[in-house]
């Protein structure tokens, strides 16, 4: 598993990996061999659940605030403009009955993508709406949470399944695009994010609940 | 070149060194030093050893002719002992310090060239310190600053002071990510991280780094969510609930449930009280935004405050929220009455044995279906809580054989039922008709009670029952001119109604006597009258009013009508200092009767008038007296001149000097010199207790200090025998002596004086000198009288000082010491001082005037002086100016209390 640093800066590097095949390869590593194994404790599972719950609880507010801050036509025609059909979003084809390992890998791919995408959106909004403090703050917080979530998923994958490398595909970069396109791309990603995070929370709940 | 030992060569050598060190070299460099020290500016651990090398340049060897053997080391300006040097080769010298704590900055390498000229070669800065210790006690707390903002503040113990610039860095990381360091500002033991993330285990540690090393604290691994101190709940509001004993609290939490579930503490107190009560924590152990506090007092204002923390108890409590107050609503009327039942114990013959217990039975008459309550008590009282209603209480006493008959008490409901209305009476022949209007509710019966009102006995109640449809009855047996209290109770099906009362007379008459009036307080123009009500037996009817009648002896009568409820009235607008007669009349519907007359006289002066006159008069009198005293004080010289004329000193007279008999008459050692006390009746004396040593020393010396300041030439200060001692002074004596010159030519007016020394207690005074103001020539009889008077006070218990013209008398029975001055021709200030002061040398510290144990009054003057000067030299200063022998001194005697180095009272 490659560790994927979060935020805007690593985003450029991550773009280089976007066309890589999606693959999870299990390596026989002991738990103590995981990076930062001292921090990979038993509470990480619960922490991960709380992180997903937190993202799920705040996603809709983030999306609504995003639309509000983009102005017209996004605030009135979000259904049309923010339709995520045309963008890349990691497939999240897991359900409650899926294997926990499969769920974890899918989650990792999802939040690695989201982390990079949120980094891009934050960067774009700092440029387009520098005065939208609350939106920027929420974007920062969400990005930070996904960073923490990735860290915890890394721990869980390595510790429980000896998976230390997951290939992740990222979306198109918005760099160089027009302001409208940037706004639209952010809007599409966030809309999809709202949909998927709810699913993830529901799927993850039985897998991460304390047994 | 420098090996030459001529002085000039040394100078030239030193000049070369200076040039070599200080001059820019040819290539444009600034300095071509003769050497350098390694290491350059080292940082050393405190207590370690250290070696420095001073390396000379070869060029200096060639041109300066200097070598390592000439190197000396210095710390600051202090030479390092040569034992610490080591010459490694001809260009390198080392110095070693076993303990760097002895080092200081700068450490310099110097060359001691021939001729002992010291030149500095190089210097380094030495820094001594300690490596950082491992930071300890690292702890962190996450403070919530707003809904979305959290900061983490960590503190630690930085360890010992290192004496060096030590940098502390707070570091935190995730498994594969290390975040930017937190650098403390202005402190070394805390830092605040602003970018934290919940739900991730974070490793936190502190790094301390300085020139001597680096140390890291033990890592702290924590999920920041577990160390949160949240903001206290905001917008707390209090609202009253449906019940009067509850209040509802509502608030807003700063933290969303997704981040953290909360638990709460709610505390509350009655406003004005200090003690807080808390809602049980288990009732507030889950996230909420409202809570209903129960069990409060009705109609009471409460203050509430809330705090919160993470639901699982991991973390920190928030601060208490701002207090909010709310008031509970009023409850219904009191639900219970507290009834105390009391009864008397049976007397022994009534009890027929020992009463084991009492049985109290309570039956609720208002609710027949209610169960009967029974209580067994052993005391003679019992307390019950009863609801509103009518109760029948039955009390039975039990002994070992059986029970007593029941004693029944009916507790009626208070105002539970309506009374009759419009109760009234009407005399009908010899009957008194009582009528009323029935209440709205259906009444079964009426109970009519009446009793004769008496001031001396209780009201004996009579009663009768009337049916419910009746609204009036005739009362029989009613006596005329008597007051009756009539009460009507309606009886309802479910209890008794409250009674309605009225007072009535069958017939009225005028009162049997009038009220007795008297004055309570009499002033200049007013008088307060007071009287007692007539008793009910005296009234004979309803008193409608009182009438006050008052008049002066020759004036018209004034009438005042007073309400019958009053017992006091103030007559106003009276004439002062006038006799008034007052009487009082009580009136009923059938007539009036007057009480006895009462007379009183109004006062002549009103309150405060006398004080207003007396006080100014007294003040004026005091002012006049004060002015008179001040006037006399200012004109005291003039007054004294008229009252006490100047009397020349007879001892300075020509006769005194001329007559060879005079010294013989003043034989100071003779007992015959004592004078009777009666001879000095006109002489003011100052009495000094013999055992009052202070009076002989300090206190008596004070007047002389004052007197020294006065001019001796003032005649007005002279006072003769018989005058006040207040004006006497030793200087005046000298003054008089001055006048001796003039008296030498005054054969017709001889002034003389004698100082009389009374004996101490039973002792005979050894010296007598008295002074007369007489201007008559000396007569034998007078002289004899003087001589006689000198020994008169042989039984005196106290020493006496004559304060006349310096003729103070003191008897020193232990060491009588007298100073004789035959003549003082130059009575200046210095002379005066010298006159009253004895110069004392030697070891004795005994105040001569204080020794009173021995009776040496027999001693002759010479002996006295000898005694006085025993072991010391007593010498009046005047003797120096008038070097006469003691025997030759004139007869002016100053009894003195001598104090070493001090002054004698005269």
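Restricted to segment B:160-270, the set of strands (runs of 3 or more DSSP E) holding at least 2 residues that are within 14 Å of chain A (Cβ to nearest Cβ) comprises B:167-174, B:202-210, B:220-222.
When B:455, B:441, B:400 are checked against the criterion of being touching a helix residue (DSSP H, G or I) at 6+ places or on another chain (Cβ under 6 Å) and part of a loop (DSSP other than H, G, I, E, B), a single residue qualifies: B:455. Return only the number of the condition from (1) away from every other protein chain (no Cβ under 14 Å); (2) in a helix (DSSP H, G or I); (3) buried (at least 21 other Cβ atoms within 10 Å of the Cβ) that residue A:90 does not satisfy. So residue A:90 meets the others, but not (2). Across segment A:128-147, the qualifying residues are those that are over 19 Å from the mean Cα position of the chain (by Cα) and touching a residue at least 12 places away in the same chain (Cβ under 8 Å), and the one among them that is farthest from the other protein chains (Cβ to nearest Cβ) is A:128. Would you confirm whether any residue within segment B:136-153 is surrounded by 19 or more Cβ atoms within 10 Å (Cβ to Cβ) and over 30 Å from residue A:137 (Cβ atoms)? Checked segment B:136-153: no residue is surrounded by 19 or more Cβ atoms within 10 Å (Cβ to Cβ) and over 30 Å from residue A:137 (Cβ atoms). When each of A:205, A:153 is tested for being within 14 Å of chain B (Cβ to nearest Cβ), at pLDDT below 85 and within 22 Å of residue A:56 (Cα to Cα), the lone residue that passes is A:205. If a residue has to be in a strand (DSSP E or B) and within 14 Å of chain A (Cβ to nearest Cβ) to count, how many in segment B:145-159 make the cut? Going through segment B:145-159 one residue at a time, the tally reaches 3. Considering only segment A:102-110, I want to know if a residue exists there that is out of contact with any helix residue (DSSP H, G or I) (no Cβ under 9 Å at 6 or more places or on another chain), under 29 Å from residue A:174 (Cβ atoms) and modelled with pLDDT of 85 or more. Taking every residue of segment A:102-110 in turn, at least one turns out to be out of contact with any helix residue (DSSP H, G or I) (no Cβ under 9 Å at 6 or more places or on another chain), under 29 Å from residue A:174 (Cβ atoms) and modelled with pLDDT of 85 or more.
Per the listing A:109, A:101, the residue uniquely more than 14 Å from every other protein chain (Cβ to nearest Cβ), within 13 Å of the chain's Cα centre (by Cα), surrounded by fewer than 22 Cβ atoms within 10 Å (Cβ to Cβ) and touching a residue at least 40 places away in the same chain (Cβ under 8 Å) is A:109. In segment A:43-77, the qualifying residues are those that are more than 10 Å from chain B (Cβ to nearest Cβ) and outside any helix (DSSP H, G or I), and the one that is surrounded by the fewest Cβ atoms within 10 Å (Cβ to Cβ) is A:72. Against the test of being away from every other protein chain (no Cβ under 12 Å) and part of a helix (DSSP H, G or I), the options A:181, A:175 yield a single qualifying residue, A:181. Taken over segment B:112-139, the residue count meeting the criterion of being free of Cβ contacts under 8 Å to residues at least 40 places away in the same chain and out of contact with any strand residue (DSSP E or B) (no Cβ under 7 Å at 6 or more places or on another chain) is 1. Of the residues B:220, B:243, the single one that is in the same structural domain as residue B:159 (by the TED database) and either farther than 30 Å from residue B:178 by Cβ or at pLDDT 90 or above (or both) is B:220.
For residue B:514, state whether it is buried (at least 16 other Cβ atoms within 10 Å of the Cβ) and within 17 Å of residue B:566 (Cα to Cα). Criteria met by residue B:514.
The values are calculated or read from the model by the stated rules, or taken from the named source; none is laboratory data. Just so you know, these numbers come straight off a predicted model, no measurement behind them. So basically every Cβ, Gly included, is an ideal-geometry build from the backbone, and we count neighbours across all protein chains shown.
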